[in-house]
Amino acid sequence: QVQLVESGGGSVQTGGSLSLSCVASVNTWDVYFMGWFRQAPGKEREFVATISNMWNKYYAESVEGRFTIARDNTKNTLYLQMNDLKPEDTATYYCAARKDSGPYKSAEVYESWGQGTQVTVSS
């Protein structure tokens, strides 16, 4: 099991930016997909973005053009740069890892999860 530790959450106003990081306990060259999900109070966990170890990036429509996902396998770290934040982006953000290729939008296919970091966007 991969241990994942997120950092970088916080509070910003609408239009602001935040950067999240997630450090993995294993060599991430062996992890096919590393992604971000988020969960707002009373809502289901939803896909935000994911990146493969072939550098293919996939985004939820709601964040396309505002968020950028990246990974640095030399540091075993996943990143999420969030720009032009909106109040509807407020949620707990989770880092996730899936060792094999295949479906990537469903939370159920990711084997490992971080503890989450809170992002709050005020209007």
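Just so you know, all these numbers are worked out from the coordinates, no wet-lab data involved. Since the model is a prediction, treat every value here as computed from it, not as a measurement. Neighbour counts are summed over all protein chains in view; Cβ atoms, including those assigned to glycine, are modelled from backbone coordinates with ideal geometry.
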Here the convex hull volume per residue of the range 1-112, taken over Cα atoms and given in Å³, is 96
Residues whose built amide H sits under 5 Å from the amide H of residue 25, excluding neighbours closer than 5 in sequence, are 3
Projected onto their principal axes, the Cα atoms of the range 73-123 stretch, largest extent first, over whole-Å spans of 39, 27, 19
Whole-Hz Karplus couplings 3J(HN,Hα) for the range 63-80, θ = phi - 60° and coefficients 6.51, -1.76, 1.60, Gly and Pro as x, run 10, 3, x, 10, 10, 10, 9, 8, 9, 10, 5, 6, 10, 6, 10, 10, 10, 9
Of all DSSP beta bridges having both residues in the chain, the percent classed as antiparallel (nearest 5) is 90
Any lysines whose Cα falls less than 27 Å from that of residue 43, other than same-chain ones fewer than 8 residues away, would be 57, 86, 99, 105
For residue 56 and residue 7, extending 7 Å from Cα along the Cα-Cβ vector and measuring point to point gives, in nm, a value of 3.2
Env charge @ residue 97, Cβ radius under 11 Å, K,R +1 / D,E -1, value 0
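Set the Förster distance to 25 Å, then compute FRET efficiency between residue 101 and residue 70 from the Cβ-Cβ distance, nearest 0.05.
About 0.85, to the nearest 0.05.
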